[in-house]
Amino acid sequence: AQQRLHASLGRAEIDVHWRWNSSSFKKGRHGDWYRRHPKVNFRRGGAWKPYIILQAMLRAREGDWVIYHDSSQYFPEGFSSSVRPLLAWLESQRATNPCECLAAVRLRQQVQHEWQQRCAPPYGLPPGPEPPLDTLCSVLHRIGACGSADPGGAGTGLRDEECCASIAAAPMLQHAWSVWKKGPLGLSFLREWVMYSEDSHVLPMLPFVDQTLNELLVHKLHARLGLRVLWAPSLYEQHWSVEHDLAHFGPLAFGRNDGTPFKHLNHVLDSLYNEQITGKAFLWMLNLSTGGEEEEEESIARLAWDVNHVSPRLWRRSLCLLPEGRPPNAGTVTDSQLFLMPRRGGFGDRVPWGLAYRAPTAWSGPPVYAEASPGAPNTRGLLEFARDNTEAISEQWLYKNGLSEAHMAGTWHGDLVPMWAAEVIICVGVFNDGTMPWPHNAGLCTASGGNISFPSFRRLCIDGEGKVGSVCGSVLPNQRAML
């Protein structure tokens, strides 16, 4: 990724690239700094990130722009277009974003979700025995975001517990890249980020180390330094429109809480270009204190993943917390679809029948159905569409019988199936959110146990590695299979 970013500097209209890698910290003053701070630097992040951004800012001239970008494993590609329109856009926002920087991107989750989730392991130290939100509160006190040490930040005027709860309920922010114009406000933020990142009682305790510290400091300092954060809801929706939320991609499945759309600056550059072409707004710089315009607020209300607005079962699922009594071999349905297979054709010629059920992790509200494609087969024979049936049967009954979830895939009247169809195919996407790999003969079964039995029944599985067989091969935790 770093090589491709470097090769695309001309296209991006970037003048200078200062490369950093592990060898940058082996000698000289940067090596001395690194050796002085062994407890705050980790494989997936650490104090080195804000350190190198500050070094670049100190090297730049007043008014120069500095862009930091992760060497992304998610999008190992170069820049697709010039960054200059983004810089001009930030300059046009100077009145409301006087820092003229872009320090973080808003995600749909809350800060507390980041601390309570067990989907992704921490980048620093393993979590301690104390409740996660207690650790968060301790960190907020140490960095002066809450308590008497904070004379003008996010906690002003609030009792300690109220301040901690306020920041826990604030939006989660992500830092995979950032944009800074050299000036006193940006330098002030970066110096504080570096200072607290070097504190071994702060950084190692944070779920995503430097990223989490960036987030907490933005919440602390945004009013004082005039910091705004980027909100780009269309990037989520583009990601979902190609079913990335169903965990086809990547080793971890966060469903609709996946922050991958914001991992590369290209996606923001493309959105800015689309704004110019269509005249529609796709990007906003949000004020974390007062909110934004009606369109911004509508998109936040529609997309935010908030503990107060989803069921306990869905919230727990999005945190990857296993319910008591759930068997270690488990799965959750993310999607299902009925298909008809023509008499003259194979599996690849199947045609969707009825509406597609979608319910990936962190789906807001009840399951909804994707629109049927034009020219879809007649659905007179369908009596019921797919739905989740877990609560109707009872979670605990399922657990006692070695099952984890129940799904009603649809019902139909056999005499009304179109004459040209040889078979009805049930395709169900199931995410392994248990603690063990599935057995190699995993397949669909009835809620009372045992194999489904029809006059003619064949099983097929596309497993977690994308391999096709009559039974599932390898489906590890955090992988999805199609049955």
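The values are calculated or read from the model by the stated rules, or taken from the named source; none is laboratory data. Please read these numbers as outputs of a predicted model, since none were measured by experiment. Backbone-built Cβ (ideal geometry, glycine too); neighbour counts: all protein chains shown. For accessibility, only protein heavy atoms count, side chains too; no ligands or nucleic acids. Shrake-Rupley method; radii C 1.70, N 1.55, O 1.52, S 1.80 Å.
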Looking only at region 329-337, decide whether some residue is open to solvent by less than 30 Å² (accessible area, probe 1.4 Å), under 27 Å from residue 228 (Cα atoms) and in contact with a Pro (Cβ under 6 Å, 6 or more places away or on another chain).
-> no
Conditions (1) more than 25 Å from the chain's Cα centre (by Cα); (2) modelled with pLDDT of 90 or more; (3) not charged (D, E, K, R); number of the one not met by residue 328 | (1)
Among the numbered conditions (1) assigned to a loop (DSSP other than H, G, I, E, B); (2) without any contact (Cβ under 8 Å) to a residue 60 or more places away in the chain; (3) in contact with a strand residue (DSSP E or B) (Cβ under 9 Å, 6 or more places away or on another chain), tell me where residue 20 comes up short.
-> (3)
In region 1-17, what residues are open to solvent by 100 Å² or more (accessible area, probe 1.4 Å), part of a helix (DSSP H, G or I) and either aliphatic (A, V, I, L, M) or within 23 Å of residue 64 (Cβ to Cβ) (or both)?
-> 11
Among the residues of region 360-373, is any without any contact (Cβ under 8 Å) to a residue 12 or more places away in the chain, hydrophobic (A, V, I, L, M, F, W, C) and more than 21 Å from residue 443 (Cβ to Cβ)?
-> yes
Region 28-39: number of residues that are open to solvent by 80 Å² or more (accessible area, probe 1.4 Å) and either in contact (Cβ under 8 Å) with a residue 24 or more places away in the chain or of a type in the set (Asp, Glu) (or both) = 1
Considering each residue of region 40-61, count those that are at pLDDT 95 or above and open to solvent by 50 Å² or more (accessible area, probe 1.4 Å), and give that number.
-> 4
